[in-house]
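J.: I have a structure here, written as structure tokens, and I will follow up with some questions on it.
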Amino acid sequence: MMGTRAVWFLVALGLRAGLDVSIASPGQIPDAAALSQVSIRFRDQSTVDGERIRLGDIARIVAGGGHAVAELETLEVAKSAGFGLTRSLDTDVLFARFLQPLSDRFAFDFDHKTIRISTRADKLPSDSLAKLIEAFVADLPKRSGEIRHWELARAPAEILVPIAPHGLELAFAGSKRKGKVDMNLAVRNETRVLRNIPITINLRVEEPVLVATRQIGRDMPLDAGNVAVEMRETTQMNEIAVGNPKKLIGFLAKVTINPGRIITPRVVAMPPAVKRGQEAKIVYRTGGVSITADAVCRQDGLPGQIIMAKSLASQRLVRVRVTEDGWLEPVPGG
């Protein structure tokens, strides 16, 4: 046992070296023999379900007392990778952050290595994606008599979703509403989006439109003798026809219209649904909820046209589509 003179000699050396020296009483010195001995054997590869990694998920813990094992097994030591992904974890870093603070109670013996931890995922059944798209397309605003047909054009070979409770949300990823339409499938939990998955569908649209039954000269009125309402596919049309095509009857043709041509507001001399400088309402639709905001139109706009408007709430310019009744719908990416 070290004598008193030897102790004070070491203290003096420490003071001369500028070290912070303190003398602990016998009761303050940890007794290694009194600490609980804990052996931690980390697995090279582990799999977890949720966003948190507990020590018991990635290691086998052996200790003298069962209460110590239970406490250490539930100790959260890291966040997992996204579902279906794998992350690496250095056990020395893990020890320094989460186990070293417990060294006044436990004497640890652990593996020094890098381990891999994967997060388990499920595969979304193909019929679940189809049902999701079908419900989304059915919920879109439509005009009277409009018919839609869709097919999946592009999607991952398999779509992974979390084991834990989650939600799936579809939304347009661009401004197109028919033809080859880009969409985004968001996988989310209660608080945030976990992953965005791009998909593309071919969306074909048929609707009743006004068609020229014979040639109509410029400045000639549209009437029952030269036009008729027919069901036509309008997928490739950049313009949106008027919801009630008969509303175009009575207006003058701005250009010569050949027989069989679909007549849209662009080719008739009809007043715009909104005018430059006019205040109008922007309608934001999310699911079954609609929110309106005031805006000022920066351009004249016919039904179906995309124009610029200034939101009075944000004071920002946004791209909007003019509806037949003079409302404005925001265009994604605008």
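J.: Hey, could you check the range 172-223 for residues that are touching a residue at least 60 places away in the same chain (Cβ under 8 Å) and among the acidic types (Asp, Glu) and say which is surrounded by the fewest Cβ atoms within 10 Å (Cβ to Cβ)?
T.: Looking at the filtered set, the residue picked out is GLU206.
J.: Is it true that ALA81 is closer than 18 Å to GLU51 by Cα and either buried (at least 16 other Cβ atoms within 10 Å of the Cβ) or among the hydroxyl-bearing types (Ser, Thr, Tyr) (or both)?
T.: Values: closer than 18 Å to GLU51 by Cα: yes; either buried (at least 16 other Cβ atoms within 10 Å of the Cβ) or among the hydroxyl-bearing types (Ser, Thr, Tyr) (or both): yes.
It is true that ALA81 is closer than 18 Å to GLU51 by Cα and either buried (at least 16 other Cβ atoms within 10 Å of the Cβ) or among the hydroxyl-bearing types (Ser, Thr, Tyr) (or both).
J.: While we're here: Which pairs turn up if I take residues in the range 158-171 that are part of a strand (DSSP E or B) and look for partners that are surrounded by 15 or more Cβ atoms within 10 Å (Cβ to Cβ) and basic (Lys, Arg) with beta carbon separation below 7 Å, at least 6 apart in sequence or on another chain?
T.: GLY167/ARG188; GLU169/ARG188
J.: Farther than 30 Å from GLY217 by Cα and either charged (D, E, K, R) or assigned by TED's automatic domain parsing to the domain that holds THR235 (or both) - does that describe any residue in the range 293-309? Break it down into steps so the answer makes sense when it comes.
T.: Let us first name the residues in the range 293-309 that are farther than 30 Å from GLY217 by Cα, namely 293-298, 308-309.
Still in the running and either charged (D, E, K, R) or assigned by TED's automatic domain parsing to the domain that holds THR235 (or both): 294, 298.
Yes, the conditions are met somewhere in the range 293-309.
J.: Could you tell me whether any residue of the range 131-140 is among the charged types (D, E, K, R) and closer than 25 Å to ARG319 by Cα? Explain how you work it out, then say what you get.
T.: Residues of the range 131-140 that are among the charged types (D, E, K, R), as a first pass: 131, 134, 139.
Imposing the further condition that a residue be closer than 25 Å to ARG319 by Cα reduces the set to 139.
Yes, some residue in the range 131-140 is among the charged types (D, E, K, R) and closer than 25 Å to ARG319 by Cα.
J.: I'd like to check something: does the range 110-131 contain any residue that is in a helix (DSSP H, G or I) and of a type in the set (Phe, Trp, Tyr)? Reasoning before the result, please.
T.: Going residue by residue through the range 110-131, those that are in a helix (DSSP H, G or I) are 126-131.
If we keep only those that are of a type in the set (Phe, Trp, Tyr) as well, we get none.
The answer is no, given that none of the residues of the range 110-131 is in a helix (DSSP H, G or I) and of a type in the set (Phe, Trp, Tyr).
J.: Suppose we keep only residues that are of a type in the set (Lys, Arg) and within 14 Å of VAL181 (Cα to Cα) within the range 126-159. Which one would you say is surrounded by the most Cβ atoms within 10 Å (Cβ to Cβ)? I'd like the intermediate steps shown before the answer.
T.: Let us first name the residues in the range 126-159 that are of a type in the set (Lys, Arg), namely 131, 142-143, 148, 154.
Of the ones still in play, those that are also within 14 Å of VAL181 (Cα to Cα) are 148, 154.
On the way: ARG148: 15, ARG154: 12.
The residue in question is ARG148.
J.: Which one is farthest from the chain's Cα centre (by Cα), of the residues in the range 134-172 that are over 30 Å from PRO303 (Cβ atoms) and among the small types (Gly, Ala, Ser)? Break it down stepwise before answering.
T.: At the first step, the residues of the range 134-172 found to be over 30 Å from PRO303 (Cβ atoms) are 152, 154-168.
Narrowing further to those that are among the small types (Gly, Ala, Ser): 155, 157, 164, 167.
Numbers: ALA155: 16, ALA157: 19, ALA164: 17, GLY167: 10 Å.
Looking at the filtered set, the residue picked out is ALA157.
J.: Kindly evaluate ASN184 against the criterion of being out of contact with any helix residue (DSSP H, G or I) (no Cβ under 6 Å at 6 or more places or on another chain), within 30 Å of LEU85 (Cβ to Cβ) and either at pLDDT 95 or above or in the same structural domain as ASN258 (by TED's automatic domain parsing) (or both). Break it down into steps so the answer makes sense when it comes.
T.: Numbers: out of contact with any helix residue (DSSP H, G or I) (no Cβ under 6 Å at 6 or more places or on another chain): yes; within 30 Å of LEU85 (Cβ to Cβ): yes; either at pLDDT 95 or above or in the same structural domain as ASN258 (by TED's automatic domain parsing) (or both): yes.
Yes.
J.: Taking the stated definitions as given, is GLY260 touching a Pro at 6+ places or on another chain (Cβ under 7 Å) and at positive phi? Spell out how you get there, then give the answer.
T.: Details: touching a Pro at 6+ places or on another chain (Cβ under 7 Å): no; at positive phi: yes.
Considered against the rule, which asks whether it is touching a Pro at 6+ places or on another chain (Cβ under 7 Å) and at positive phi, GLY260 comes out as no.
Yes or no, residue by residue, for (1) modelled with pLDDT of 95 or more; (2) part of a strand (DSSP E or B); (3) in contact with a helix residue (DSSP H, G or I) (Cβ under 7 Å, 6 or more places away or on another chain):
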| residue | (1), (2), (3) |
| --- | --- |
| ALA24 | no, no, no |
| ALA33 | no, no, no |
| GLN37 | no, yes, no |
| SER46 | yes, yes, yes |
| ALA70 | no, no, no |
| LEU89 | yes, yes, no |
| LEU94 | yes, no, no |
| ASP104 | no, no, no |
| ALA107 | no, yes, yes |
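The values are calculated or read from the model by the stated rules, or taken from the named source; none is laboratory data. Values in this document were obtained by computation on a predicted structure and should not be read as measured data. Please note: Cβ atoms are built from the backbone with ideal geometry, for glycine as well, and neighbour counts cover all protein chains shown.
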